[in-house]
Structure formats: structure tokens, C-alpha cells
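Comments concern the structure below.
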Amino acid sequence: MPNLNIIFETGGFDDGRKAVFKGYTEFCKKNYTDINFYLPFTDTYDTNTIWYETKENLGDYSPMCCNYGELVQWDGTNLSHGNKINITEDTRISIDFRITTESYFYNNTKKSKNTKTVFAVGGYYNII
């Protein structure tokens with residue numbers, strides 16, 4: 001199921017919360033492959049977008065900047081990523097989702113970090 005994200009603007013106010021960056025490789029079998037998609041309904045830049053590393057375990061976080069209506073395909077399973085406090089003047093509204101083939105998929109009893117949803121069909125995943 002797609003995740004709906006609303007990252008509210010703070011008008012330049014940083015309340016001191018720390019950004020949390022995460023990856024999903026610990027939940028997946030070795031060489032797990034899926035394709036992640038990010039579809040913003042607003043222009044994204046600076047702190048109103050996802051920050052991600054460009055190569056696994058490199059930790060060189062940068063913003064995933066894109067324009068309204070662009071669809072970004074990326075490796076969100078293996079690349080650590082997260083959101084910073086949005087100190088821009090613009091709220092971000094976006095969805096993200098991932099797809100995989102049955103040959104790479106397996107049900108897992110582990111849960112997602114944020115929503116505690118089981119990585120299994122009927123939980124984090126659906127068959128379409």
C-alpha cells in the first residue's frame with residue numbers, strides 16, 4: 001500500500017528534534033531486490049523532502065529534489081534515508097511505495113520501524 005506523507009512547514013523554526021535515518025536491509029534476505037517509488041504532489045527541495053545516501057553505508061545524505069508530478073525510482077531498501085525537520089516555507093505532500101516480484105519476496109515476521117507493520121502480504125505488502 002502507498003504511504004501518504006505530509007511534512008508540514010515550520011516557517012524556519014527548528015524545534016531541535018533530530019532527523020532519523022533508516023534502511024530496511026535488516027528486514028530482508030540477502031540480495032533482496034525491490035523497486036521504490038517517490039511521488040511528490042508538491043515541489044520538493046531542501047528540508048521538505050526525503051534525505052538519502054547515494055551509496056549503501058556511505059552516509060552522504062542529500063535531499064531528493066524533484067518537481068511536482070515527477071516520479072522518482074530509487075533503492076530505498078538498501079539506502080538509508082529519512083526526513084529532517086522541515087524549516088522551509090512549504091509543506092510536502094507525497095506518496096511512496098515499493099514493488100517486487102514474487103521470486104524475490106518472502107513473508108517476514110519483523111515489523112517496520114515507524115508503523116510496526118509486519119513485512120508480509122496483508123501487512124506491509126499487498127498482491128496486485
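Values as computed for the structure displayed
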item	result
R0 of 30 Å, Cβ-Cβ distance Asn83-Ile127: FRET efficiency to nearest 0.05	0.55
Total formal charge among the other residues, if their Cβ is under 14 angstrom from that of Trp74, Lys/Arg +1 and Asp/Glu -1	-4
Local net charge near Ile6, Cβ-Cβ under 14 Å (Lys/Arg +1, Asp/Glu -1)	-2
Length released on extending from Asn57 to Ala120, taking residue separation times 0.36 nm less the Cα-Cα span	20.1 nm
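Bear in mind these aren't lab numbers, they're just calculated from the coordinates by the rules spelled out. Just so it is clear, the structure is predicted and the values come from calculations on it, not from any experiment. Positions of Cβ are backbone-derived with ideal geometry, glycine not excepted, and every protein chain shown enters the neighbour counts.
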